[in-house]
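Peer 1: Take a look at the following structure, please.
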Amino acid sequence: MHVVPTMLGVVRALGLVAILFLGVCAAEAAPVYDGSAPMQCAIKSVMVCDDPSICVRGTAQTVSLPSVLSVDVGRRLVGGDASGRTVRITAVGHGAGRLMLHGEDLDLGGVAWNVVIVEDSGGMSGAVLSQGGGFLMFGACSVADGARPGR
């Protein structure tokens, strides 16, 4: 028996292939750094300002931070300290392709912090503010090993 495809059958088959292809492309194009998976964020440089007229360039160690932060938005925690200390994420926002995190730490004498992560590239910038000054940090995030779907 020989089956001759009809034009309608061919169009339906191509339509199904197109829908499947678009679905796969949309899944691959989804923002990687949107907080849906734990991340590791490397701090590459820091600007420390203890006085309104003077800021000094430094590293994570300059401000007693680990060089790599672990960021788990689902658990609302930021860590990476060798002692295992973590800080709580108190607010999470999304907008303009950015993941925005906010936290406060009263144990350190009243410190507020914010981190902004570009959802499609992982670029990171953050600020930590206290009564005596603060610092800006810049770096990049990557999805934590084993956190990507399919691994």
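Peer 1: Go through the range 82-123 residue by residue and tally those that are part of a loop (DSSP other than H, G, I, E, B) and closer than 15 Å to Cys41 by Cβ. Break it down stepwise before answering.
Peer 2: Taking the range 82-123 first, the residues part of a loop (DSSP other than H, G, I, E, B) are 82-86, 89-90, 96-97, 109-110, 119-122.
Next, only the ones that are closer than 15 Å to Cys41 by Cβ stay: 86, 89, 119, 121-122.
Matching residues across the range 82-123 total 5.
Peer 1: Specify the residue that is modelled with the highest pLDDT; the eligible residues are those in the range 96-113 that are open to solvent by less than 50 Å² (accessible area, probe 1.4 Å) and at positive phi.
Peer 2: Gly97
Peer 1: Condition test on Asp50, is it touching an Asp or Glu at 6+ places or on another chain (Cβ under 8 Å) and of a type in the set (D, E, K, R)?
Peer 2: On the way: touching an Asp or Glu at 6+ places or on another chain (Cβ under 8 Å): no; of a type in the set (D, E, K, R): yes.
No: the conditions fail for Asp50.
Peer 1: Which of the residues belonging to the range 55-70 are open to solvent by less than 40 Å² (accessible area, probe 1.4 Å) and either assigned to a loop (DSSP other than H, G, I, E, B) or over 20 Å from Tyr33 (Cα atoms) (or both)?
Peer 2: Scanning the range 55-70 gives Gly58, Ala60, Val63, Pro66.
Peer 1: Given (1) farther than 18 Å from Ala127 by Cβ; (2) small (Gly, Ala, Ser); (3) modelled with pLDDT of 60 or more, identify the lone condition not met by Ala42.
Peer 2: Of (1) farther than 18 Å from Ala127 by Cβ; (2) small (Gly, Ala, Ser); (3) modelled with pLDDT of 60 or more, only one is false for Ala42: (1).
Peer 1: With respect to Gly80, is the statement that it is touching a Leu at 6+ places or on another chain (Cβ under 7 Å), buried (at least 17 other Cβ atoms within 10 Å of the Cβ) and either touching a residue at least 24 places away in the same chain (Cβ under 8 Å) or within 18 Å of Gly139 (Cα to Cα) (or both) true? Steps first, please.
Peer 2: Working: touching a Leu at 6+ places or on another chain (Cβ under 7 Å): yes; buried (at least 17 other Cβ atoms within 10 Å of the Cβ): yes; either touching a residue at least 24 places away in the same chain (Cβ under 8 Å) or within 18 Å of Gly139 (Cα to Cα) (or both): yes.
Judged against the criteria, Gly80 is a match.
Peer 1: Only one of Val118, Val73, Val46 is open to solvent by less than 30 Å² (accessible area, probe 1.4 Å) and under 11 Å from the mean Cα position of the chain (by Cα); which? So that I can check it myself, show each step before the final result.
Peer 2: Details: Val118 fails: open to solvent by less than 30 Å² (accessible area, probe 1.4 Å); Val46 fails: under 11 Å from the mean Cα position of the chain (by Cα).
It is Val73.
Peer 1: Filter the range 129-151 for residues that are of a type in the set (A, V, I, L, M) and outside any strand (DSSP E or B); which is modelled with the lowest pLDDT? Before you say what the answer is, go through the steps one by one.
Peer 2: In the first step, residues of the range 129-151 are kept if they are of a type in the set (A, V, I, L, M); the result is 129, 136-137, 140, 143-144, 147.
After this cut, where a residue has to be outside any strand (DSSP E or B) as well, the list is 144, 147.
Working: Ala144: 78, Ala147: 55.
The selected residue is Ala147.
The values are calculated or read from the model by the stated rules, or taken from the named source; none is laboratory data. In this text the structure is predicted, and so the values were computed from the model without any measurement. Methodologically, a virtual Cβ is constructed for each residue, glycine included, from the backbone with ideal geometry; neighbour enumeration extends over all protein chains shown. Keep in mind that these areas ignore ligands, DNA and RNA; they rest on the heavy atoms of the full protein, side chains included. Shrake-Rupley method; radii C 1.70, N 1.55, O 1.52, S 1.80 Å.
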